[in-house]
């Protein structure tokens, strides 16, 4: 019971300590972080969590529209009750929908390269095992 209570009480600190990950490069990330810190003060960790989940969705190459829709729902829920924060997170949502394709394609290409490399390594390992 005590360990569960400790975990629940420390979880927000662990999430809050994560590097802010909204945006596709340092400039975008710095701008997004500043906007969220000033306009969504108590929601920084929640919004960052939405961005991390969105990146993960792209990494898994799930349907881009699904990734973006889930992201939009997440940031809307995170900013609920704060109209100014909601205004900015709706811009984040629109930005992902309109400009997310290059990031999605880049991740897809990287994933494809990793898969090919892994397949080659597996073939080489199988050949080495067969030769031994």
Residue list for the range 63-73, restricted to those being touching a helix residue (DSSP H, G or I) at 6+ places or on another chain (Cβ under 8 Å) and over 9 Å from residue 93 (Cβ atoms) | 64, 66, 67, 70
Quick check: anything in the range 40-51 surrounded by fewer than 17 Cβ atoms within 10 Å (Cβ to Cβ), in contact with a helix residue (DSSP H, G or I) (Cβ under 7 Å, 6 or more places away or on another chain) and either assigned to a helix (DSSP H, G or I) or at pLDDT below 95 (or both)?
-> no
Do we find that residue 101 is over 27 Å from residue 73 (Cβ atoms), without any contact (Cβ under 8 Å) to a residue 40 or more places away in the chain and surrounded by 10 or more Cβ atoms within 10 Å (Cβ to Cβ) in this structure?
-> no
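Residues checked against (1) part of a helix (DSSP H, G or I); (2) out of contact with any helix residue (DSSP H, G or I) (no Cβ under 9 Å at 6 or more places or on another chain); (3) in contact (Cβ under 8 Å) with a residue 40 or more places away in the chain; (4) surrounded by 15 or more Cβ atoms within 10 Å (Cβ to Cβ):
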{"site": "86", "(1), (2), (3), (4)": "yes, no, no, yes"}
{"site": "89", "(1), (2), (3), (4)": "yes, no, yes, yes"}
{"site": "95", "(1), (2), (3), (4)": "yes, no, no, yes"}
{"site": "108", "(1), (2), (3), (4)": "yes, no, yes, no"}
{"site": "112", "(1), (2), (3), (4)": "yes, yes, no, no"}
{"site": "115", "(1), (2), (3), (4)": "yes, yes, no, no"}
{"site": "118", "(1), (2), (3), (4)": "yes, yes, no, no"}
{"site": "128", "(1), (2), (3), (4)": "yes, yes, no, no"}
Residues (in a helix (DSSP H, G or I), at pLDDT 95 or above and surrounded by 12 or more Cβ atoms within 10 Å (Cβ to Cβ)) located in the range 59-76 = 64, 67, 68, 69, 70, 71, 72, 73, 74, 75, 76
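The values are calculated or read from the model by the stated rules, or taken from the named source; none is laboratory data. Since the model is a prediction, treat every value here as computed from it, not as a measurement. As a convention, Cβ positions derive from the backbone with ideal geometry for all residues, glycine included, and neighbour counts pool all protein chains shown.
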